[in-house]
Amino acid sequence: MIIANTISQVRDQVRQWRREGLTVGLVPTMGYLHEGHGSLVGKAAEDCDRVVASVFVNPTQFAPGEDLASYPRDFERDCEILEKQGCSMVFHPSVDEMYPDGNGKTDTYIEILNDMPKQLCGRTRPNHFRGVCTVVGKLFNIVLPDKAYFGEKDAQQLAIIRRMVRDLSYGIEIVGCPIVREPDGLAKSSRNIHLKPDERKAAVALYRSLKIAEEMASDGEKSSKTITDAVRAEIEKEPLAEVEYVSAVDSLSMEPVETVGKGTLIAIAVRIGQTRLIDNCVL
Ligand code: AMP
């Protein structure tokens, strides 16, 4: 597996592959990889001749006071996981390589101007998706992939990237991949490492609450308020859990819905101690 730290190295290698007629898949990540990331790389390796994964903790998607400095990192371990999954090249740039003005500063952003980035996580993280779109747009311009792979765990991010690709005519196929979970149901996340043992136990409440939503919907419940109230009540049984939001939205537009139906996304964000976790299910 090639380790590239510069944009020009990635461009030269991808140009070479293109000359050989090979297809290229991209998997953007912030590193500290787990089986969730691994599944994206594995799927990309199945679909494409070559796979580029990026490992970059993107400063423009963190607000002051968020966990940019404490975001977990282990590049050596990441490389082992990537290589095992069939990754051809890992792009591991410095902040200055990606943002030449230094300190993660940029004067040019990609921003979706409708309400999609304002819903769900956007309520407490107002500039988060502007940072995500900007870095993903840059990675698309650097790698020029045929396909790019994103997890359904970050359902709002996936919907926003799909919209960005459509609106800016990127011509890249966006592939959504299912959520990979721990045996007890907790969605795998780089941030799970921060959970203390009692918090780790409490964190299963997220998955339990989503199962209740699925059961209610399959029993015929149509009211999104009734379902989200039950989800919230289940999470609030856990004294260590503090709900940030429980929402029922359309999974493509992220618009809140009053009546749930096929394609309704139940999305939750919960703080357990210092750790903010998100999860979701599509009914
Ligand atoms: P991150 O490193 O957290 O930015 O995630 C990089 C990519 O991996 C994103 O597209 C995430 O949605 C995806 N991802 C993270 N956790 C999971 C998971 N448990 N299952 C599937 N995909 C995931």
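Do we find a residue being of a type in the set (Phe, Trp, Tyr), more than 14 Å from Pro145 (Cα to Cα) and open to solvent by 20 Å² or more (accessible area, probe 1.4 Å) anywhere in the range 81-102? Working first, answer last.
The initial filter retains those residues of the range 81-102 that are of a type in the set (Phe, Trp, Tyr), namely 91, 99.
Filter again for more than 14 Å from Pro145 (Cα to Cα), leaving 99.
If we keep only those that are open to solvent by 20 Å² or more (accessible area, probe 1.4 Å) as well, we get none.
No - not one qualifying residue is present in the range 81-102.
When the residues of the range 186-208 are narrowed to those that are part of a helix (DSSP H, G or I) and hydroxyl-bearing (Ser, Thr, Tyr), which ends up most open to solvent (accessible area, probe 1.4 Å)? Walk me through how you get there before you give the answer.
Going residue by residue through the range 186-208, those that are part of a helix (DSSP H, G or I) are 190-194, 197-202, 204-208.
Within this subset, residues satisfying the condition of being hydroxyl-bearing (Ser, Thr, Tyr) are 190, 207.
Working: Ser190: 7, Tyr207: 63 Å².
Checked the range 186-208; the qualifying residue most open to solvent (accessible area, probe 1.4 Å) is Tyr207.
Looking only at the range 6-31, residues that are within 7 Å of the ligand (Cβ to nearest atom) and over 19 Å from Glu173 (Cα atoms) come to 2 in all. For the range 158-178, a residue qualifies if it is open to solvent by 40 Å² or more (accessible area, probe 1.4 Å) and not aromatic (Phe, Trp, Tyr), and the qualifying residues are Arg162, Arg163, Arg166, Asp167, Leu168, Ser169, Gly171, Glu173, Pro178.
Listed here are the residues, each with its yes/no results for (1) more than 18 Å from the chain's Cα centre (by Cα); (2) within 13 Å of the ligand (Cβ to nearest atom).
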| position | (1), (2) |
| --- | --- |
| Glu173 | no, no |
| Glu182 | no, yes |
| Leu186 | no, yes |
| Arg200 | yes, no |
| Arg208 | yes, no |
| Ala213 | yes, no |
| Ser218 | yes, no |
| Ser223 | yes, no |
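Find the residue count for the range 62-76, including only residues that are over 14 Å from His34 (Cα atoms) and exposed (fewer than 10 other Cβ atoms within 10 Å of the Cβ).
Residues flagged as over 14 Å from His34 (Cα atoms) and exposed (fewer than 10 other Cβ atoms within 10 Å of the Cβ) within the range 62-76 amount to 3.
The number of residues in the range 32-76 being more than 9 Å from the ligand (Cβ to nearest atom), under 16 Å from the mean Cα position of the chain (by Cα) and among the acidic types (Asp, Glu) comes to 1.
Of all residues in the range 212-259, those being in contact with a strand residue (DSSP E or B) (Cβ under 8 Å, 6 or more places away or on another chain), among the β-branched types (Val, Ile, Thr) and open to solvent by 10 Å² or more (accessible area, probe 1.4 Å) number 5.
Check Val165 against each of (1) part of a helix (DSSP H, G or I); (2) touching an Asp or Glu at 6+ places or on another chain (Cβ under 8 Å); (3) free of Cβ contacts under 8 Å to residues at least 60 places away in the same chain and name the one condition it does not meet. Here Val165 clears every test but (2).
The values are calculated or read from the model by the stated rules, or taken from the named source; none is laboratory data. None of the values given here were measured: they were computed from a predicted structure. FYI the Cβ positions are ideal-geometry reconstructions off the backbone, even for glycines, and counts take in every protein chain you see. Heads up: the accessible areas ignore ligands, DNA and RNA and are worked out on the full protein's heavy atoms, side chains in. Shrake-Rupley method; radii C 1.70, N 1.55, O 1.52, S 1.80 Å.
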